Amino acid sequence: MIPDVSQDNGLATYNFAYLDEQTKRMIRRAILKAIAIPGYQVPFASREMPMPYGWGTGGVQVTAAILGPDDVLKVIDQGADDTTNAVSIRAFFQKVANVAVTTRTVDATIIQTRHRIPEEKLSAGQVLVYQVPIPEPLRFLEPRETETRKMHALEEYGLMHVKLYEDIARNGHIATTYAYPVKVHRRYVMDPSPTPKFDNPKMHMSPALQLFGAGREKRIYAVPPFTDVVSLDFEDHPFAIQHFDKPCALCGADHVYLDEVILDDKGGRMFVCSDTDYCEDRRAHGHAGEMLAKEAAE
Amino acid sequence: MNLEAEALTGGFAQPVFNAQDIFRMVMDGMARPGTLKQVAVDIDPPAPLGRAAGALALTLCDQDTPVWLSAGIARSAVPGWLAFHTGAPQTREKAEARFAFGEVGLALSSFGLFATGSQEYPDRSATLVLEISNLETGSPLTLTGPGIAGSTVVRPQGLPESFLRLWAENRTLFPRGIDVVLAAGSDFLCLPRTTKITVKEN
């Protein structure tokens, strides 16, 4: 449905979703090429946004370019719907696009995320938009853009394997725990943005389209649905995700990514789901973790 | 209607929302190659440009994207229509074109003259919008590749004879290559360069 765009108050307003139409076309063309070349970073003319770099200007521009009046938007920051970054971006799109928002993963058509993939399995109708600080996985190994570009062109990823090997030589295991490099469609090595490596397996053969926007670095890249995403590893040191000793203290969920919360200055701590929506949903369905059960008993 | 009048009418009634609607279809089409999409937005590009091809042009082309038109389209009212509605410059050099539009029955001897990008910048490549007779009654072709769970079958009718050979060559260039949109009237489907096409055996 097309909303009524007549201006009855006589005041000019922003274009729908803040960006002007030419900017949207430029971003849209970049997104299409990004999808056609999975894992390849497409340069784009990133705009100044009304928020500082590092607050997700890349993700916001991608979302603004794809967002329509029928979409339902969810924004998460480290898994949580209620942190500053998530709240302000959600409010931004409510203001400039008057779009419906939700915190429930299953109801959202577009999920903009900072550093997590929801625990709930995504479906085919959903688009996951990542905010990316540094899109180049080789940047800390080779600072020159001219060189890293050539390395991607020649599929020369030896340096990345050396880095993982040095991890093993120093620590006995691959000590990279977030922004763990992946190979997409057996061709490009890609930075999954600083998500914990716990989330890497969720990117593999995901039914949802995944788009990545880096505003300061001016890059857009994508992983189409049902695409091979393999975490780099060695035969004798296979890739493994983090494991937690205890389930979530609030909802009792196993096999989810947990955040540590310090409770007092005497060493008290709890581990809770980083995905707040998933945790709340489980509690609403009667699941109770250790802390919650204790509270109920008192 | 004379050529000038034809050029001025038949664009998007609601440019912002119509373009967003069409783009989401193209984005989903590229992300899920072979999915049949139908343009419901009421636009009326001059013949021989179909509604789907016209909608794609209105959505994606502007002053930054040189457009190449096949001879049949270049002779029609389409150049004026594109110029008026999108402002896209038109070029006769295939290598300069970001978007290329071909009419039904276009004899295609090679993709080679279209920009395929460089090994460093494979995104600097052309998107070819090819009009064919229809997308439903041709002999079945099997598609596999990113965006497709397992495999999917499409039935385009009236592909240029050389298409499958050219497409196989195009795939060997990866990550370079062109991307193709097959359009027929209001319908279209996308073939990004990663998609593998094989003739379906019964």
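The values are calculated or read from the model by the stated rules, or taken from the named source; none is laboratory data. These figures come from a predicted structure and were not determined experimentally. Every residue, glycine as well, gets a Cβ built from its backbone with ideal geometry; the counts of neighbours run over all protein chains shown. Calculation scope for accessible area: heavy atoms of the full protein, side chains included, ligands and nucleic acids excluded. Shrake-Rupley method; radii C 1.70, N 1.55, O 1.52, S 1.80 Å.
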* To do: Quick one: in segment B:1-47, of everything that is touching a residue at least 40 places away in the same chain (Cβ under 8 Å) and among the basic types (Lys, Arg), which residue is surrounded by the most Cβ atoms within 10 Å (Cβ to Cβ)?
  => B:Arg32
* Being within 18 Å of the chain's Cα centre (by Cα) and of a type in the set (A, V, I, L, M, F, W, C) is the filter; apply it to segment A:247-284 and report the residue that is surrounded by the most Cβ atoms within 10 Å (Cβ to Cβ). => A:Cys273
* Given the conditions (1) touching a helix residue (DSSP H, G or I) at 6+ places or on another chain (Cβ under 6 Å); (2) under 25 Å from B:Leu141 (Cβ atoms); (3) aromatic (Phe, Trp, Tyr), which single one is not true for B:Phe23? -> (2)
* To do: Would you point out the residue of segment B:156-192, among those that are touching a residue at least 24 places away in the same chain (Cβ under 8 Å) and charged (D, E, K, R), that is nearest to the other protein chains (Cβ to nearest Cβ)?
  => B:Asp179
* Asked: Among the numbered criteria (1) more than 9 Å from chain B (Cβ to nearest Cβ); (2) within 24 Å of B:Phe174 (Cβ to Cβ); (3) touching a Gly at 6+ places or on another chain (Cβ under 7 Å), which single criterion is violated by A:Pro181?
  -> (3)
* To do: Could you list all residues from segment A:100-120 that are in contact (Cβ under 8 Å) with a residue 40 or more places away in the chain and farther than 20 Å from A:Phe44 by Cβ?
  => A:Thr103, A:Arg104, A:Thr105, A:His115, A:Arg116, A:Ile117, A:Pro118, A:Glu119, A:Glu120
* Hits in segment A:250-262 - residues which are without any contact (Cβ under 8 Å) to a residue 40 or more places away in the chain and closer than 19 Å to A:Gln78 by Cβ -> A:His255, A:Leu258, A:Glu260, A:Val261, A:Ile262
* To do: Consider A:Gly79 carefully, then state whether it is more than 14 Å from every other protein chain (Cβ to nearest Cβ), modelled with pLDDT of 95 or more and touching a Phe, Trp or Tyr at 6+ places or on another chain (Cβ under 9 Å).
  => no
* Which condition does A:Val87 not pass, out of (1) part of a helix (DSSP H, G or I); (2) open to solvent by 20 Å² or more (accessible area, probe 1.4 Å); (3) within 30 Å of B:Gly29 (Cβ to Cβ), if it passes all the others? -> (3)
* Asked: Does B:Ile148 qualify as being of a type in the set (A, V, I, L, M, F, W, C), within 14 Å of chain A (Cβ to nearest Cβ), open to solvent by 10 Å² or more (accessible area, probe 1.4 Å) and more than 27 Å from B:Leu58 (Cβ to Cβ)?
  -> yes
* Is it the case that B:Leu141 is modelled with pLDDT of 95 or more and surrounded by fewer than 23 Cβ atoms within 10 Å (Cβ to Cβ)? -> yes
* Residues being within 27 Å of A:Lys218 (Cα to Cα) and either of a type outside the set (S, T, N, Q) or assigned to a helix (DSSP H, G or I) (or both): count how many of those fall in segment A:105-121. => 8
* Asked: Only one residue in A:Gly125, A:Gly172 is within 13 Å of another protein chain (Cβ to nearest Cβ) and at pLDDT below 95, so which one is that?
  -> A:Gly125
* **Members of segment A:128-156 found to be open to solvent by 10 Å² or more (accessible area, probe 1.4 Å) and either assigned to a helix (DSSP H, G or I) or in contact with a Leu (Cβ under 9 Å, 6 or more places away or on another chain) (or both), listed by number** => A:Leu141, A:Glu142, A:Glu145, A:Thr146, A:Glu147, A:Arg149, A:Lys150, A:Met151, A:His152
* Within segment A:206-225, how many residues turn out to be open to solvent by 10 Å² or more (accessible area, probe 1.4 Å) and within 10 Å of chain B (Cβ to nearest Cβ)? -> 1
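Given the residues A:Val96, A:Val101, which is the only one that is out of contact with any Cys (no Cβ under 9 Å at 6 or more places or on another chain) and either closer than 19 Å to A:Ala208 by Cβ or outside the structural domain of A:Leu209 (by TED's automatic domain parsing) (or both)? If you could, list the steps in order and put the result at the bottom.
On the way: A:Val96 fails: either closer than 19 Å to A:Ala208 by Cβ or outside the structural domain of A:Leu209 (by TED's automatic domain parsing) (or both).
Going through A:Val96, A:Val101 in turn, just one is out of contact with any Cys (no Cβ under 9 Å at 6 or more places or on another chain) and either closer than 19 Å to A:Ala208 by Cβ or outside the structural domain of A:Leu209 (by TED's automatic domain parsing) (or both): A:Val101.
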* Answer yes or no as to whether A:Arg90 is farther than 19 Å from A:Gly213 by Cα and of a type in the set (Lys, Arg). => no
